[in-house]
Amino acid sequence: MAEALERLDISAAHIARVYDFWLGGKDNFAADRAAGQATMEVYPGIRLSAQANRAFLARAVRHLAGAEGIRQFLDIGTGLPTANNTHEVAQATAPDSRIVYVDNDPLVLTHARALLTGTEEGATAYLDADLRETDKILTQAAEILDFSRPVGIMLIAILHYIEDLGQARKIVARLLDAVPSGSFLVITHAGIDLFPDEIGPFEEVLNRHLPGDHHAARTRDEVTGLFDGLRLLEPGVVRVSEWRPGSEQEAATPTTLWGGVGVKAG
Ligand SMILES: C[S@@+](CC[C@H](N)C(=O)[O-])C[C@H]1O[C@@H](n2cnc3c(N)ncnc32)[C@H](O)[C@@H]1O
């Protein structure tokens, strides 16, 4: 924890906290709010898009824990605790669900306690790690998750911070390699073709504020390619609001993100 706190630099924006600002949260600092405001000036729809992303996350986890019987989740790029965190949604359906959270923002680590309040039957754990450290993540997650049984891998609004598509594909492949058939991959990813007029200014402004990894939106075909080798659940890779929406209002929420769920077939 002490080592992680030394990494906490509140003078620069971090995407976990900018995203928290977009969602209307309080876990952000002046630099994050400046980045959040500046991006909203070029693309005001980002707030609704962040909400649509959270709603997708809840629907996907509910589906996996319910109809698909998944009891283990590896959620990489957790974000700051907010409403309907993965363990809350999963354990509301199946109290024995086990969840491992992973994020590289030290502030998320300091809030991890809020993510570790699961049910008695289930378990939650938090790893301070970078998505690129797949071996470290898989080794440490194995203390909580049984990798001989299906796992739901959640990569929600994180892969567009891996700028090199080849590297993103390798990370996904390594994670999928570690889980048995019957496991699921859930991805949401910024779509360059979803807001073509605003994406240029949006990324320019956001990336100017982010000292670390930059935002790199991709096309629907590129996002679909991340599911290579998996069977995509209906309706495939679609706007996150259109993935099995719970209401017409949910379906109509504007979004910058493609989303989909794939299953590793036997
Ligand atoms: C846009 S937020 C999404 C949060 C949550 N998954 C959601 O969709 O509501 C992206 C999260 O991924 C984390 N993140 C970004 N790049 C990462 C990396 N390379 N390794 C680990 N976490 C990363 C950020 O710290 C942040 O919490």
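Please list, in order along the range 193-206, the HN-Hα scalar couplings obtained from phi with the Karplus expression 6.51 cos²θ - 1.76 cosθ + 1.60 (θ = phi - 60°), rounded to whole Hz, x for Gly and Pro.
Karplus-based 3J(HN,Hα) across the range 193-206 equals 8, 8, 9, x, 6, 9, 4, x, x, 4, 5, 4, 5, 4 Hz.
For the chain, what does -39500 (n - 2.57) per DSSP helix run (n ≥ 4), summed and divided by total residues, give at 222 nm, in deg cm²/dmol to the nearest 500?
On the way: 12 runs with 107 residues, N = 266.
Result for the chain, helices only: -11500 deg cm²/dmol.
Give the accessible area for Arg98 in Å² (nearest 10); use a 1.4 Å probe, count only protein heavy atoms, and leave out ligands, DNA and RNA.
Here the residue's solvent-accessible area equals roughly 80 Å².
For Asp164 and Arg208, FRET efficiency with R0 = 22 Å and r from the beta-carbon atoms, rounded to 0.05?
Details: r = 20 Å, r/R0 = 0.91.
That gives a FRET efficiency of 0.65.
What distance in nm separates the simple spin-label points at Ala67 and Ser11, each placed 7 Å from Cα in the Cβ direction?
5.1 nm
Under 5 Å between amide H atoms, partner at least 5 residues away or on a different chain: which partners does Arg98 have, H built in plane at 1.01 Å?
When sequence neighbours closer than 5 places are left aside, the close amide H contacts are Gln72, Phe73, Ala123.
Projecting each Cα onto the charge dipole of the chain (Lys/Arg +1, Asp/Glu -1 at the beta carbon, about the Cα centre), which of Ala217, Leu175, Thr134 comes out farthest on the positive side?
Leu175
Across every pair of different alpha-carbon atoms, what Kirkwood hydrodynamic radius in Å does the range 131-266 reach?
Working: mean 1/r = 0.0630 Å⁻¹.
Result for the range 131-266, one decimal place: 15.9 Å.
Counting only residues 5 or more places away or on other chains, whose amide H sits under 5 Å from the amide H of Tyr126 once H atoms are built in the peptide plane?
Distant-sequence amide H within range of Tyr126: Tyr101.
Once Lys and Arg get +1 and Asp and Glu get -1 on their Cβ, which of Gly260, Leu48, Phe202 lies farthest toward the positive end of the dipole of the chain?
The listed residue farthest towards the positive side: Gly260.
From the convex hull of the Cα coordinates of the range 31-188, what is the mean projected area in square nanometres? Can you show the working numbers first?
On the way: hull surface 37.5 nm².
That works out to 9.4 nm², a quarter of the Cα hull's surface.
Taking the alpha-carbon set of the chain, what are its Rg and Dmax in Å?
17.2, 49
Can you work out the Karplus-derived ³J(HN,Hα) for every residue in the range 230-239? Use 6.51 cos²θ - 1.76 cosθ + 1.60 with θ = phi - 60°, whole Hz, and x for glycine or proline.
9, 9, 6, 6, 4, x, x, 8, 9, 3
Kindly write out, for the range 86-94 in residue order, the coupling ³J(HN,Hα) from the Karplus curve 6.51 cos²θ - 1.76 cosθ + 1.60 (θ = phi - 60°), rounded to whole Hz, with x marking Gly and Pro.
Ordered by residue, 3J(HN,Hα) equals 3, 5, 5, 5, 5, 6, 5, 8, 9 Hz.
First compute the accessible area of the range 23-176 with a 1.4 Å probe, then give the percent of it belonging to carbon and sulfur atoms.
Details: 2960 of 6000 Å².
That share works out to 49 percent.
Which FRET efficiency value, to the nearest 0.05, is calculated for Val42 and Gln249 with the Förster distance at 35 angstrom and r the Cβ-Cβ distance?
Numbers: r = 26 Å, r/R0 = 0.73.
After rounding, the FRET efficiency stands at 0.85.
For the chain, give the magnitude of the charge dipole about the Cα centre (Cβ charges: +1 Lys/Arg, -1 Asp/Glu; no others), in debye to the nearest 20.
Values: 24 positive and 37 negative charges, 97 e Å.
The calculation lands at about 460 debye.
Provide the descending list of Cα extents for the range 19-102 along its principal axes, expressed in whole angstroms.
42, 21, 17
The values are calculated or read from the model by the stated rules, or taken from the named source; none is laboratory data. What you see is a predicted model, and the numbers here were worked out from it, not measured in a lab. Glycine also receives a Cβ, built like all others from the backbone with ideal geometry; neighbour counts cover every protein chain displayed. Note: areas computed on protein heavy atoms with side chains; ligands, DNA, RNA excluded. Shrake-Rupley method; radii C 1.70, N 1.55, O 1.52, S 1.80 Å.
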